Every structure is written in C-alpha cells, then in structure tokens.
Amino acid sequence: MRAPDACHCSKCRKHSGHFFASTDVPKRQITIQGGESVTWYQSSEKVRRGFCGVCGSSLFWDPPHHDWIAVAMGAFDGPTETKLKMHIFVADKGDYYDITDNLPQNEQ
C-alpha cells in the first residue's frame, strides 16, 4: 500500500467532515466488495466521490482520467502498516486546527 496523504482542500473537508486521508490504488488492482451500496457523486468536471449509500462513509476520490483511485484510509479494516507521508492543499485548511506533525506540506 502506498503511503497516504492528507488533503485539506475545501471540497475534501466538506466531503469528509475534516481532512481526507487516502492512498492511491491502481484501478486494475482494486475490487470493491458491496459495490452496489456505493453511491457516486460528480463533485466537479474532473472528479467523482464515492460514499456508502447505507451508512454515508466517505470512501473514494475518483479522477476518471487517471489510472488510479484514492481510497479513504478509514475504509480499511485492521492495520494498514503505513504512515501519512504529506499534507496537500494546506492553504485551504480549516482555521480550527494546526498541522504539527512535521510532515511535508504543499500549499496546493
């Protein structure tokens, strides 16, 4: 599993309720069990977001023009044996928290 990043953009914050931590998985390597319960929302021209239509959990960030899909770290059962690698879109982060983990931060 690739190391995840934390996206602090306003759309990810609204989608997840905070920031969105996810790992990129090649689409050819992913199998979605219970896919009939996934609801897709076209959040922009470039991306759609997947969430559980039963419980509402944020699950995916899918840019159809790429060969990978971002999978929410909270979607995995059990240990992932990985650690957060960086923060992105920190220029858009909420004012109610600080990023203090000394990981790289990209403004965009």
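Miscellaneous remarks
- Applying the Karplus relation 6.51 cos²θ - 1.76 cosθ + 1.60 with θ = phi - 60° to segment 53-69 yields 3J(HN,Hα) values of x, 8, 10, x, 4, 6, 10, 9, 10, 10, x, x, 7, 10, 9, 10, 9 Hz, where x marks Gly and Pro.
- One chain, two ends: SER10 and GLN29. Fully extended at 0.36 nm per residue, the span grows by 3.9 nm beyond their Cα-Cα distance.
- The chain - Rg (one decimal) and Dmax (whole number), Cα, Å: 13.8, 40
- The residues of segment 1-47 have, on average, 64 Å² of accessible surface per residue, using a 1.4 Å probe with all protein chains present.
- The figure for LEU103 is an accessible area of roughly 50 square angstrom, using a 1.4 Å probe on the protein chains alone.
- Rolling a 1.4 angstrom probe over segment 37-108 with all protein chains present gives an accessible area of which 51% lies on carbon and sulfur atoms.
- For segment 60-97, the set of trypsin sites (Lys or Arg not before Pro) satisfying both a DSSP loop assignment and a count of at most 11 other C-beta atoms within 10 Å is given as LYS83.
- For segment 38-80 versus segment 11-37, the gap between their alpha-carbon centres in whole angstrom: 3
The values are calculated or read from the model by the stated rules, or taken from the named source; none is laboratory data. Because the structure is predicted, anything quoted here is derived from the model rather than measured. Cβ: placed from backbone, ideal geometry, glycine included. Neighbour counts: every protein chain shown. These accessible areas exclude ligands, DNA and RNA; they are computed on the full protein's heavy atoms, side chains included. Shrake-Rupley method; radii C 1.70, N 1.55, O 1.52, S 1.80 Å.
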